[in-house]
């Protein structure tokens, strides 16, 4: 990393808290063998792997097919926090280029002990580490191979980062509901290995809501283990299914999405529909101990969904069919009990945290910087400029205590 880049990414100067913070949204960059290092030999022909073409271009493949949406490996990435600068400059009519850096230029991007040292400079006690690419949807019609790659990936995550490392780094285990038996088998394995969080993608699974009673044996295990479930921004099958019914290209990549596709298939629609499905299919009524975390899905939708779900229940309740059983409480009250949200940068939503405190409650808000992704903050404490309206006690709940309790560190 250049001297200029280092200066732009040093911890926020002049900002001091009398406690270390907990950052619920960090990322690592995967190596080429993240899905092949531990893959069972009988699935080698369906491995998620890198191929290099005759022109030198490198792409992710699932078996013989390139990944959809985002197939380029993250060899070069946006400098941490650069997207805001890029968007602001272009929105004002200015001209600028993205600041790209080698994803191996900072050891903290790929090495857990280097990340711990970085956390010390940032004033971060602990963080949750998420992946930087998606592959599950390539296996909707081949769940057996999908779970083989997922098992291999989880083993790599635990080996390289740790489901829990020194009580400071926490990497969720990634699960899928494309096959219930395989999901339960892998869930039992990762829980036994020490996973503190389970990550699922948004959207339906082969025509079923994740809250369908068909999956109750999976949720019963989650509740018994007492681990939170994370819905981190990801692919959801909307990028193909919603595109298909609207006449959009179903093989679009990140670089070729239309504006309509960004709006309907990736930005907020999948998380809104998923949360609505969890509530209206009464998942929390059947499993009252569940805690669901929405991370990097934005937050401007939260006040709206709480109003909309209450509205639907009020006007349709007398004749409504409840596949998972009728609701015992208003949807908004259910969300206040079970939903945690990490507000994510939205340029046209200026004060998300203050509004969320009013509608969801400060005890359900989680700080996440998205470091080192370009969409996030250059340094975690830079987030303080976005929550100046909070009181000191609210700031501490948001920046530390809520995540401390969720991770079992309190």
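The values are calculated or read from the model by the stated rules, or taken from the named source; none is laboratory data. For clarity, every value in this text was computed on a predicted model and none was experimentally measured. All Cβ positions, even for glycine, are placed from backbone atoms using ideal geometry, and neighbour counts span all protein chains on display.
Numbers at a glance
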quantity: Unique match (being in contact (Cβ under 8 Å) with a residue 24 or more places away in the chain, on the phi > 0 side of the Ramachandran plot, in contact with a helix residue (DSSP H, G or I) (Cβ under 6 Å, 6 or more places away or on another chain) and outside any strand (DSSP E or B)) among 146, 194, 203, 162; calculated: 203
quantity: Entirely in the stretch 227-340, the helices (runs of 4 or more DSSP H) that have 3 or more residues that are surrounded by fewer than 19 Cβ atoms within 10 Å (Cβ to Cβ) and at pLDDT 90 or above; calculated: 238-245, 269-280, 301-316, 331-338
quantity: Test for residue 409: is it touching a residue at least 60 places away in the same chain (Cβ under 8 Å) and either assigned to a helix (DSSP H, G or I) or surrounded by 20 or more Cβ atoms within 10 Å (Cβ to Cβ) (or both); calculated: no
quantity: Answer from 375, 337, 346 - the residue that is over 27 Å from residue 131 (Cα atoms) and touching a helix residue (DSSP H, G or I) at 6+ places or on another chain (Cβ under 8 Å); calculated: 337
quantity: Those residues of the stretch 206-226 which are part of a helix (DSSP H, G or I), out of contact with any strand residue (DSSP E or B) (no Cβ under 8 Å at 6 or more places or on another chain) and in contact (Cβ under 8 Å) with a residue 12 or more places away in the chain, in sequence order; calculated: 213, 216, 217, 218, 219, 220, 221, 223, 225
quantity: Within the stretch 51-70, tally of residues that are surrounded by fewer than 19 Cβ atoms within 10 Å (Cβ to Cβ) and touching a strand residue (DSSP E or B) at 6+ places or on another chain (Cβ under 8 Å); calculated: 8
quantity: Condition met for residue 226 (out of contact with any helix residue (DSSP H, G or I) (no Cβ under 7 Å at 6 or more places or on another chain) and closer than 30 Å to residue 163 by Cα); calculated: yes
quantity: Matching residues, the stretch 19-48, being under 22 Å from the mean Cα position of the chain (by Cα) and surrounded by fewer than 19 Cβ atoms within 10 Å (Cβ to Cβ); calculated: 31, 32, 33
